[in-house]
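Here is the structure we will look at, set down as structure tokens.
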Amino acid sequence: MNKIDIIAGARPNFMKIGPIVHAINKHNSKNPAKKVEFRLIHTGQHYDKKMSDDFFEQLNIPQPDINLGVGSGTAAWQTGNIMMKYEEAIKEWKPDLCLVVGDVTSTMACSITAKKEWVHVAHVEGGIRSGDEKMPEEINRMVTDSITDYFFTTSEVANTNLKKLGHPEEKIFFVGNTMIDSLLGNLERLQKPLLYSENNLQEKEYLVMTLHRPSNVDAMQSLSNLLQNVNDHVDERKVVFPMHPRTKKMYDQLGMNYKNLLITGPMSYLEFIFLIKNSLGVITDSGGITEETTVLGVPCMTLRNSTERPETVTIGTNEIVGTDPKNIIPYLEKLISGEWKKGTIPKLWDGNTAHRIVEIISQL
Ligand code: UD1
């Protein structure tokens, strides 16, 4: 395979594709006769500077060759528009392989389009499942994996899931986690956010919270109960809360103030990782953050009923708290009293995953 489209659409994709782009460039400079040509395609699902451009800049990812500019809309609207626009882009260049990452709307939309145009599909982070079909990401994973030709997996559980689904072993490549490549590759470059000094935050004396899933933020009463419980059970510590645009909309409607919550906008990558690395613990409904906290050894509470990343719980620092706002209280008490479990790092989450992927692709 030597003509590849690399697809990125939403914030959690950018730290997954960055290391792959860098590994291809490295491969090409070492093997000028066996170059892997690629186009970087941004679907435009996320478009704010703080949700997109800042990540490209900080992770030294080149500007996309094509931006499909899809913008916001319902999942069906986004899917349809991405498919129509990506279909045109495929016809122009005729790639051999479409490489998608993660589980966002762009991942599914581009993989379907590619497959229908007889372009092979590679799915980085294939095979993971939460079992919760109410999550749009779970549908995206199921659909994408059902038409994927080459799976690049992050865990043994993902390998087992794929084999159970009948995918042949020779299509499954257990390579590790490219999001962790970005994390480990940038630890020396982290940036202290302004709010750290402005609020006199001290190492391991504050928490970080992120929320964006409809199950946590779309119902006003439960969002308000959750924020109140967090505010009241952190023993006067500060909780830095960088808000996703959807959460901000609901929060503004609440019209409340919580004295221990430090509300801010979406953060840049290098600042956000600085914050979680130095925090006492993290409260989140994201999946990717549970991987980052596991590698950093930072306690993490997941405000969901399931996870597609079970290794973050079985061997990492993550605990599944559920979505009932009162569940968080005993977990916060455990954290504050210093009784959180210690974790270890999952196999192959070592910073070299993208190189493994590129080596395999160049030989396909
Ligand atoms: C998407 C992913 C989710 C991921 C999350 C991280 C899907 C199904 N979900 O959810 O897995 O964890 O990204 O952020 O793809 N908006 C802006 N500016 C932007 C982008 C979005 O203001 O740059 C607003 C819009 O009002 C939009 C809303 O945020 O309607 C939600 O964006 P959307 O792309 O639909 O999904 P996310 O909730 O961000």
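The values are calculated or read from the model by the stated rules, or taken from the named source; none is laboratory data. It should be emphasised that the depicted structure is a prediction, and the values quoted were computed from it without experimental measurement. Note: ideal-geometry Cβ built from the backbone for every residue, glycine included; neighbour counts use all protein chains shown. What goes into the accessible areas is simple: the full protein's heavy atoms, side chains included, and nothing from ligands, DNA or RNA. Shrake-Rupley method; radii C 1.70, N 1.55, O 1.52, S 1.80 Å.
Just to be sure before I move on: is GLU92 within 16 Å of the ligand (Cβ to nearest atom) and either β-branched (Val, Ile, Thr) or in the same structural domain as THR43 (by TED's automatic domain parsing) (or both) in the structure I sent?
Against the criterion (within 16 Å of the ligand (Cβ to nearest atom) and either β-branched (Val, Ile, Thr) or in the same structural domain as THR43 (by TED's automatic domain parsing) (or both)), GLU92 does not qualify.
Against the condition in the same structural domain as ASN200 (by TED's automatic domain parsing), part of a helix (DSSP H, G or I), surrounded by 15 or more Cβ atoms within 10 Å (Cβ to Cβ) and touching a strand residue (DSSP E or B) at 6+ places or on another chain (Cβ under 9 Å), how does VAL234 come out, does it pass?
In short, no.
Kindly indicate whether any position in region 5-21 is within 11 Å of the ligand (Cβ to nearest atom) and β-branched (Val, Ile, Thr).
Scanning region 5-21, I find no residue that is within 11 Å of the ligand (Cβ to nearest atom) and β-branched (Val, Ile, Thr), so the answer is no.
If you scan region 143-159, which residues turn out to be over 17 Å from ILE17 (Cβ atoms) and in a loop (DSSP other than H, G, I, E, B)?
Of everything in region 143-159, those that are over 17 Å from ILE17 (Cβ atoms) and in a loop (DSSP other than H, G, I, E, B) turn out to be ILE147, ASP149, SER155.
Please tell me if LYS259 is outside the structural domain of HIS46 (by TED's automatic domain parsing), in a loop (DSSP other than H, G, I, E, B) and either within 23 Å of GLN191 (Cβ to Cβ) or at pLDDT 95 or above (or both).
yes
Which pairs turn up if I take residues in region 202-219 that are under 21 Å from ARG246 (Cβ atoms) and open to solvent by 80 Å² or more (accessible area, probe 1.4 Å) and look for partners that are at pLDDT 95 or above and part of a strand (DSSP E or B) with beta carbon separation below 8 Å, at least 6 apart in sequence or on another chain?
none
The rows are residues; the columns are (1) touching a residue at least 12 places away in the same chain (Cβ under 8 Å); (2) touching a Ser or Thr at 6+ places or on another chain (Cβ under 6 Å); (3) open to solvent by less than 40 Å² (accessible area, probe 1.4 Å); (4) assigned to a loop (DSSP other than H, G, I, E, B).
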site	(1), (2), (3), (4)
ARG141	yes, no, yes, no
ASN161	yes, no, yes, no
PHE173	yes, no, no, no
MET179	yes, no, yes, no
LYS192	yes, no, no, yes
TYR196	yes, no, yes, no
SER222	yes, no, yes, no
ASN225	yes, no, no, no
GLN228	yes, no, no, no
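Of everything in region 237-250, what is open to solvent by less than 30 Å² (accessible area, probe 1.4 Å) and modelled with pLDDT of 95 or more? Give them in sequence order.
Listed by number, the residues that qualify are VAL239, VAL240, PHE241, PRO242.
Which number in (1) in a loop (DSSP other than H, G, I, E, B); (2) closer than 30 Å to ILE172 by Cβ; (3) open to solvent by less than 50 Å² (accessible area, probe 1.4 Å) marks the one condition that THR290 misses?
Unmet for THR290, out of (1) in a loop (DSSP other than H, G, I, E, B); (2) closer than 30 Å to ILE172 by Cβ; (3) open to solvent by less than 50 Å² (accessible area, probe 1.4 Å): (1).
List the residue pairs whose Cβ atoms are under 6 Å apart, where the first residue sits in region 96-108 and is in the same structural domain as ARG39 (by TED's automatic domain parsing) and touching a residue at least 40 places away in the same chain (Cβ under 8 Å), the second is more than 16 Å from the ligand (Cβ to nearest atom) and part of a helix (DSSP H, G or I), and the two are 6 or more positions apart or on different chains.
Once the first residue is in the same structural domain as ARG39 (by TED's automatic domain parsing) and touching a residue at least 40 places away in the same chain (Cβ under 8 Å) and sits in region 96-108, its partners that are more than 16 Å from the ligand (Cβ to nearest atom) and part of a helix (DSSP H, G or I) give CYS98/ALA114.
Determine, yes or no, whether TRP118 is open to solvent by 50 Å² or more (accessible area, probe 1.4 Å) and closer than 22 Å to ARG213 by Cβ.
Considered against the rule, which asks whether it is open to solvent by 50 Å² or more (accessible area, probe 1.4 Å) and closer than 22 Å to ARG213 by Cβ, TRP118 comes out as no.
Please give the number of the condition GLY281 fails out of (1) farther than 28 Å from ASN199 by Cβ; (2) touching a residue at least 60 places away in the same chain (Cβ under 8 Å); (3) of a type outside the set (Val, Ile, Thr).
For GLY281, the failing item is (1).
Residues to consider are GLY126, GLY102, GLY73, GLY44; find the one that is open to solvent by 20 Å² or more (accessible area, probe 1.4 Å), within 29 Å of PRO245 (Cα to Cα) and within 16 Å of the ligand (Cβ to nearest atom).
Answer to the selection: GLY73.
Identify all residues within region 352-364 that are under 24 Å from the mean Cα position of the chain (by Cα) and part of a helix (DSSP H, G or I); write none if there are none.
Residues satisfying the conditions are THR353, ALA354, HIS355, ARG356, ILE357, VAL358, GLU359, ILE360, ILE361.
Yes or no, residue by residue, for (1) on the phi < 0 side of the Ramachandran plot; (2) in the same structural domain as GLU203 (by TED's automatic domain parsing); (3) in contact with a Phe, Trp or Tyr (Cβ under 6 Å, 6 or more places away or on another chain):
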| site | (1), (2), (3) |
| --- | --- |
| GLY287 | yes, yes, no |
| GLU292 | yes, yes, no |
| VAL321 | yes, yes, yes |
| LYS341 | yes, no, no |
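Kindly indicate the residue of region 321-351 that is surrounded by fewer than 19 Cβ atoms within 10 Å (Cβ to Cβ) and within 19 Å of the chain's Cα centre (by Cα) and also nearest to ASP235 (Cα to Cα) among those meeting that condition.
Here the answer is ILE345.
How many residues are open to solvent by 80 Å² or more (accessible area, probe 1.4 Å) and under 14 Å from GLY9 (Cβ atoms) if we restrict to region 31-41?
Number of matching residues: 0.
Of everything in region 47-66 that's without any contact (Cβ under 8 Å) to a residue 40 or more places away in the chain and more than 17 Å from ALA114 (Cβ to Cβ), which residue is nearest to the ligand (Cβ to nearest atom)?
TYR47
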